[in-house]
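I have placed the structure first, in the form of C-alpha cells, so that the comments after it can refer back to it.
Read-outs throughout are calculated quantities, based only on the coordinates presented, and are distinct from any laboratory measurement. Bear in mind the structure is a predicted one, so any value in this text is a computation, not a measurement. Note: ideal-geometry Cβ built from the backbone for every residue, glycine included; neighbour counts use all protein chains shown.
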Amino acid sequence: MSNTVDSANLILKLYELRREETLRKAREFMITFDPRSFEEVQAGYMGPNGTYIRMVTSFWEMACSFVTSGAIDAKTFDEANGEHVLVFSKIQPYLPQLKEMFGSPNFMKNLEKVCLDSGGLERVTATRERIRKMLEMRRGA
C-alpha cells in the first residue's frame, strides 16, 4: 500500500500528464460529450472524436488502476480528483453494451470500481445531471 507522500507524488504526476495539449483538448471535448443512448456512445467512439473519448477514458482507467492496485491511496485520490467521476458518468449507463462491443468484460473495471467505491452510483448520476445542467446553461448563454 502507498503512503501519503507516494500517493501525492503520483497524483501530481497524473496532473502534469493532464496538461499535455492533446489530452487537454480531449478532456474539453469529454465535458461536452453528452450521449443519451448507446447508439450515441457507439457513434462517439467510432466517429471523428473517438480518439478523444478513448484517450480520456483510458487515461482515467490507468489512473484508477493505480488506486485499485494500492499505488495511490483511494481517499487521497478521491480528495484530489473528481474528473474521473465525470468521465465515468458519461459511459456508465452504457457500460454493459460497451463491454460487449469491445469484447472485454473488464472494460473500464478500475474506473468503475473507484467511482462506485467513492460515492456509489448516486454520485455518478448526480455528476452526470450536474454537467448536463451546466451544458444547458452554457448553450442558453
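A simple charge model with +1 on the Cβ of Lys and Arg, -1 on the Cβ of Asp and Glu and nothing else charged puts the dipole of the chain at about 340 debye relative to its Cα centre. Debye-formula intensities of region 96-141, expressed as log10 I(q)/I(0) at q = 0.18, 0.19, 0.20, 0.31 Å⁻¹, are -0.70, -0.74, -0.77, -0.97 (one equal scatterer per alpha-carbon, no solvent). In plain terms, the chain from Lys99 to Ala8 could stretch by 29.6 nm, reckoned as 0.36 nm per residue minus the Cα-Cα distance.
Got the relative contact order for the chain handy, in percent, Cα pairs under 8 Å and 6 or more residues apart? The normalised contact order for the chain reaches 29 percent. Note on Met137/Ala43: beta-carbon distance plugged into 1/(1 + (r/R0)^6) with R0 of 22 Å gives a FRET efficiency of 0.30.
Radius of gyration over Kirkwood radius for the chain, both on Cα atoms: the Rg/Rh ratio is 0.96. Packing, as the average of other Cβ atoms within 10 Å across residues, places the peptides 131-140, 105-114, 21-30 in the order 105-114, 21-30, 131-140, highest first.
With axes computed from alpha carbons, what is the tilt in degrees of helix 4-18 against the longest principal axis of the chain, rounded to the nearest 10 within 0 to 90? Result, in degrees: 30.
Centroid-to-centroid, using Cα positions, region 1-22 and region 31-67 are 21 Å apart.
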